[in-house]
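Each remark here refers to the structure printed beneath this line.
The values are calculated or read from the model by the stated rules, or taken from the named source; none is laboratory data. Since we're looking at a predicted model, the values are computed, not measured. All Cβ positions, glycine included, derive from the backbone under ideal geometry; neighbour counts span all protein chains shown.
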Amino acid sequence: MSSIKEWQQLCQLLKANIQPDRLKLSFICDSADLEIAEEVLRPFSQLPLLNECAIRLGLIYFQPNTDHSDALPLQQLAQQTVNKVTCRPIPRTFSYSDLPNEIQLQILGYTDLVTPYDIVWGFNTSITNAIKAPFYERRTFNHFLPQDSYCCGQCLSAPQACACWTRYAAYSSTCTCWRFPLSFFVVSRKMREQAECIFYSKNHFFLSPRLDNKDERLEIWDFLKWIPGDGRRYLRSLTWNLKWNLEDHWGG
């Protein structure tokens, strides 16, 4: 295709004329075909190190009650490409398991296990089939209707466009929208225990009354029963909001 050839030539031109770690590049090419997306992104390998990068490969990715599993490969491809063109090379590796436990915990404290924003619990229900976690950020999701997502607004420099993982098969090196880091909990038993310690002790959890609470159980009871015993032991910061339709029960 002529357009892809022109894009390849453009990448060669950029490689010859820009300095590493200077260019901030946003790339939008909505496609429903993984093979075409791979072909379009292949010229990225010619680029020098980028200062920032955001890539969007698919149209609406996040919709309530909809299975978007077919969009996951596109999002993973976007993330892999962004990481390759923005990450600095690691000079050498080390054995994480050989480090003292205290240092391992300090390292985990700098991962996505910790977010400065409130975390809401979704009562053991994934937000969508594409987001397999009951935890989400109160900042970017409506805490009554978690299917309604709001981007942090930092994924692209252009305000009229968006490359947020909550809405598209996309990835941005500057997006601050948080996703529950499930991988830390499934690596090993020791890693799960460490992840529970950091996740439940370093974050602030926000509980709101549920719209679908037919059995009228207290949300805080369900939450404390749902999380593992160690999670309850590690909890340090929790808000329970009682401002929704509780006048008859609490005399408000």
*Identify the single condition in (1) buried (at least 17 other Cβ atoms within 10 Å of the Cβ); (2) in contact with a helix residue (DSSP H, G or I) (Cβ under 6 Å, 6 or more places away or on another chain); (3) at pLDDT below 90 that P73 does not satisfy, given that it satisfies every other one.*
(1)
*asked:* Conditions first: (1) surrounded by fewer than 19 Cβ atoms within 10 Å (Cβ to Cβ); (2) at pLDDT below 80; (3) touching a helix residue (DSSP H, G or I) at 6+ places or on another chain (Cβ under 6 Å). G58 passes all but one, so which condition is the exception?
replied: (1)
*Out of (1) modelled with pLDDT under 70; (2) in contact with a helix residue (DSSP H, G or I) (Cβ under 8 Å, 6 or more places away or on another chain); (3) within 24 Å of Q194 (Cβ to Cβ), what's the single condition that is false for N129?*
(3)
*asked:* I want to confirm something. Restricting to region 207-252 and keeping residues that are modelled with pLDDT of 90 or more and under 17 Å from T115 (Cβ atoms), which single residue is surrounded by the most Cβ atoms within 10 Å (Cβ to Cβ)?
replied: Y234
